[in-house]
Amino acid sequence: MNESALLANYSRAPVRFVAGDGCYLIDENGRRYLDAIAGIAVCALGHAHPGIAEAVARQARQLVHASNLYYHEPSGELARELTRRSGFARAFFCNSGTEANEAAIKLARKAAYRRGERERNRILAFSGGFHGRTLGALAATANPEYKVGFAPLPEGFGWAPFNDLAALDAAIDERTAACIIEPVQGESGVHPAREEVLHELRRLCSERGALLIFDEVQCGMGRLGDLFAFQSVGVRPDLLTMAKALGNGLPIGAMLVDGSLADALQPGDHGSTFGGSPVSAAAALAHLCIRDELDLDTHVREVGAHAMTKLAALARALPSFVEPPRGRGLLLGLPLREPVRAAAVADALREQGILVGTAGGNTLRVAPPLIVSTEEIDRLVDAIGSVVAGMGAHATK
Ligand SMILES: Cc1ncc(COP(=O)(O)O)c(C=O)c1O
């Protein structure tokens, strides 16, 4: 590999991909890999989907960029589709998940400021939560390892323990501008928020005048079996952030805003040169249209349930090395027990032509394209089983 001019801020696997095809990535030697991580929960419709490719090509021939100084059709149409499907009032577009969360944090503070509540500027997040790498989203992220060497970070952020109903009451007060939570935490190891915790969080935010932000960057856009994660968990936030799968691989993020907040950001308050650019918005629109045709929500629920059953059976078969799976829909985590290490299992699977992710707490992360079949899930889980069994047997010899 001769990629020495790239900044060394990722630990990349030694593979160079040249093409994609549905649930498969193809390397420079023509080898096909079953992709069970989908570019980290991005390519919901799989790779090189002809409908996305066509929409991107058509839009690129027509108009690539005009800036947010003017209107153009794809972003207006995408805002209309997202608000219609979610019941939210307005959409703001950006380019990534971290930017969507920056927008939500800024909007929450500005909304309080406009109401004259100048002391209400604190953002409450939760242990294990991950919200992005830019300074504001990083400040909201709990894990201190991501922050080493980047101080000083923006002030006004605090954390409550995740999934701890009793801790919420003391954590939210008249200085809390917003609470931000992932309905299913991804990076921490795939931990779903308990529904009673989300309900109580909603109740306390409403009672105490704080906004509730759902970070659906990883768990949204159909991954839990409904288009929006809030629909799967049955709790409605005030602000919703998304990115990753929205453009099926084209860079686009969004913040959806409840009607009561539609005027919180005024011209000049926030912006992005590329946010909601025509090509990315056209890809997102095509994504929404294609997922309807495929009845993807039903498919995700069925295949997700099948995957969960298979992974649970694997955990029962190999209890010394595998813990019960966690997650929902097609965002699944399989915690492993030392001496078997998730990173080593992911490497061994890759050598067999299967791609999975890892997440916190020695966990394998499974987030395939949402079009994945039950046969592909069977192949994946069988391969995980034989790799883990082999490594476990070797380590305990
Ligand atoms: C829940 C969550 N929020 C925010 C982000 C940041 O998104 P991006 O990498 O697009 O900035 C991620 C990325 O993994 C995420 O999982």
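Here, each number is a calculation from the coordinates, and none is a lab measurement. As the structure is a prediction and not an experimental result, all values here were calculated from the model. Here Cβ is always computed from backbone atoms with ideal geometry, including for glycine, and neighbour counts include all displayed protein chains.
Which of rounded, prolate or oblate describes the stretch 1-46 when judged by the alpha-carbon gyration tensor and an a/c cut-off of 1.5? The partial results should precede the final answer.
Values: a/c = 2.76, a/b = 1.48, b/c = 1.87.
Cα axes put the stretch 1-46 in the oblate bin.
Please give the length that would be gained between Ala13 and Val148 if that part of the chain were fully extended, namely 0.36 nm times their separation in residues minus their C-alpha to C-alpha distance (nm, one decimal).
Numbers: separation 135, 0.36 × 135 = 48.60 nm, distance 2.42 nm.
Gain in length upon complete extension: 46.2 nm.
Angle between the Cα long axis of helix 73-86 and the longest principal axis of the chain, 0 to 90 degrees, nearest 10?
The angle comes out near 80 degrees.
Using a simple spin-label model with points 7 Å from Cα along the Cα→Cβ vector, what separation in nm is obtained for Ser320 and Ser127?
3.1 nm
For Ala44, what is the net charge nearby, where nearby means another residue's Cβ is under 9 Å from its Cβ and Lys, Arg count +1, Asp, Glu -1? Walk me through the numbers before you get to the answer.
Working: positive: Arg223, Lys244, Arg291; negative: none.
Combined, the nearby Lys, Arg, Asp and Glu give +3.
Could you tell me how many degrees, from 0 to 90 and to the nearest 10, lie between the Cα long axis of helix 374-395 and the main elongation axis, the longest principal axis, of the Cα atoms of the chain?
70 degrees
Please report the net charge: other residues with Cβ closer than 11 Å to the Cβ of Gly220, K and R +1, D and E -1.
Value of the local net charge: -2.
When a/c is below 1.5 the answer is rounded, else prolate if a/b is larger than b/c, else oblate, so apply that to the chain with a ≥ b ≥ c taken from the square roots of the Cα gyration tensor eigenvalues.
Note, shape of the chain comes out oblate.
Need one word for the stretch 311-392: rounded, prolate or oblate. Basis is the Cα gyration tensor (sqrt eigenvalues a ≥ b ≥ c); a/c below 1.5 gives rounded, then a/b vs b/c decides.
On the way: a/c = 1.43, a/b = 1.28, b/c = 1.12.
Here the stretch 311-392 falls in the rounded category.
Most exposed first by the Cβ proxy, i.e. fewest other Cβ within 10 Å, how do Tyr70, Tyr113 rank? If you can, show how the numbers build up before the last one.
Details: Tyr70 6, Tyr113 14.
Ascending Cβ contact count within 10 Å gives the list Tyr70, Tyr113.
Normalised by the residues of the chain, what does the relative contact order come to in percent, with Cα pairs under 8 Å and at least six apart? Mind showing how you got there, number by number?
Working: 804 pairs, mean separation 86.8, N = 397.
Computed over the chain, the figure is 22 percent.
Under 22 Å Cα to Cα from Lys244, which lysines show up? Leave out anything in the same chain fewer than 8 places away.
The qualifying lysines are Lys106.
Could you state the angle between the C-alpha long axis of helix 195-208 and the longest principal axis of the C-alpha atoms of the chain, as a value from 0 to 90 degrees rounded to the nearest 10?
Roughly 10 degrees between the two axes.
What does the helix-only formula give at 222 nm for the chain: each DSSP H stretch with n ≥ 4 adding -39500 (n - 2.57), the total divided by the residues, and the result rounded to the nearest 500 deg cm²/dmol?
On the way: 12 runs with 152 residues, N = 397.
Rounded to the nearest 500, it is -12000 deg cm²/dmol.
Expressed as a whole number of Å, what is the distance separating the alpha-carbon centroids of the stretch 299-376 and the stretch 1-68?
If you average the Cα positions of each part, the centres end up 22 Å apart.
What ranking of Lys397, Lys106, Lys310, Lys244 emerges when the number of other C-beta atoms within 10 Å of each C-beta is taken as an exposure proxy, fewest first? Mind dumping the intermediate values first?
On the way: Lys397 5, Lys106 16, Lys310 20, Lys244 29.
By the 10 Å Cβ count, ascending: Lys397, Lys106, Lys310, Lys244.
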